[in-house]
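Data first, discussion second: the structure below is written as structure tokens.
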Amino acid sequence: MLKEERFDHILKVIKATNKASFEELALSLNVSEDTVRRDIEVLAKSGLLVKVRGGAISPSASPLSFQDRADMFPDAKKVIALKAQQQLVGAKTVFIDGGTTMLAFVSSIPIDANFRLITNNIALLPLLSVHHGIEVIVLGGNYNRSTQTNVGVQTCLEAQKYQADVYFMGACSIDSQIGITASIQDEGEVKKILMASARKTIVLSNKEKLETVDFFKVCELSAIDALITDLPSNDPALDNYRKFDIEIL
């Protein structure tokens, strides 16, 4: 297929649905995701669409809503969720923060699970209502509607009161040189506090967030204990992360 034909297909999809992921476009075009990324970069520079993490949206569309983000990469999130679920064994107190991947993670937790969950992620509460064995503590603070999390000084102060066996961190961006960064400073500040109060920190990230950088530095990669992605643990795309003393899952 010619480049111009790919451009036409991408623009038609964006016009019809207002958004599309790299993965969806690559499958429909029968090309690699790298090819789609390059095409979208060209189209974005021309103002024909807006490149976002994991795909593209129409220039006339509003920023992706929480539900839009929750609907993206469902298969990848299921893989991550199943891997993360196995890390709950033996944990008595668990931190979980924001991010749409956490919805898939909590949905995968066995119904008879028994532990204490401390979170600032308000979107998890309806899912947790069926887990009678999980004690839920919600951190207060200022409610961010776009992320459906509580953040701010109050959230950080409350988080400092607790100690957890494991902290499951939702990643915004991960770079093998820069480390973990966040697009919202208040979210990043909460992550720092939760890390300091947990014996073990496990970062959950789909492959689209690897080798990307946001403006607020959360930590170096050497500060975390494990990285869970939707890729096989031996995938070459993870090679840059093996030099750090972290478990790749």
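A short reminder: the numbers here are calculations on the coordinates, not readings from a lab. The structure displayed is predicted, hence computed values, not measured ones.
Which pairs break 18 Å Cα to Cα here: LYS161/LYS191; LYS12/LYS77; LYS78/LYS209?
Pairs exceeding 18 Å: LYS12/LYS77.
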- Query: Given springs between every Cα pair under 10 Å in a Gaussian network model of the chain, which of ASP230, ASP175, ASP39 has the largest fluctuation?
  - Reply: ASP39
- Task: Amide H neighbours of ALA164 under 5 Å, at least 5 residues apart or on other chains, H built in the peptide plane: list them.
- Result: ALA198, ARG199
- Task: Please build a GNM for the chain, connecting alpha carbons under 10 Å apart, and tell me which residue among LYS200, LYS19, LYS45 fluctuates the most.
- Result: LYS45
- Query: In terms of modelled amide H atoms, which long-range or inter-chain residues lie less than 5 Å from the amide H of ILE134?
  - Reply: PHE115
- Query: Check SER176: other-chain or 5+ apart residues with amide H under 5 Å from its amide H, H built from backbone geometry?
  - Reply: GLU211
- Computed over the Cα atoms of the stretch 90-182, what is the convex hull's projected area averaged over all directions, in nm²? 6.6 nm²
- Note on the structure: Rounded to one decimal in Å, the inverse mean reciprocal Cα-Cα distance for the stretch 148-246, i.e. its Kirkwood radius, is 13.8 Å
- Query: Plugging the Kirkwood radius over Cα pairs into Stokes-Einstein for the chain, at a temperature of 20 °C and a viscosity of 1.002 mPa s, what D comes out in µm²/s?
  - Reply: 113 µm²/s
- Message: Cut-off 10 angstrom, C-alpha nodes, Gaussian network model of the chain. Which of GLY55, GLY188, GLY99 fluctuates the most?
- Response: GLY55
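Enter the per residue convex hull volume of the stretch 3-61, computed from alpha-carbon coordinates, in Å³ rounded to the nearest integer.
Once divided by residue count, the hull of the stretch 3-61 is 66 Å³.
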- Going residue by residue through the stretch 139-152, the Karplus relation 6.51 cos²θ - 1.76 cosθ + 1.60 with θ = phi - 60° gives ³J(HN,Hα) values, rounded to whole Hz and with x marking Gly or Pro, of 6, x, x, 8, 7, 9, 5, 6, 10, 6, 10, 8, 9, x
- Message: Contact order normalised by length for the stretch 74-248, with contacts defined as Cα pairs under 8 Å and 6 or more residues apart; what percent is it?
- Response: 20 percent
- The ³J(HN,Hα) series, computed from each phi in the stretch 229-234 with the Karplus coefficients 6.51, -1.76 and 1.60 at θ = phi - 60°, rounded to the nearest Hz and given as x for glycine or proline, is 10, 8, 8, x, 4, 9
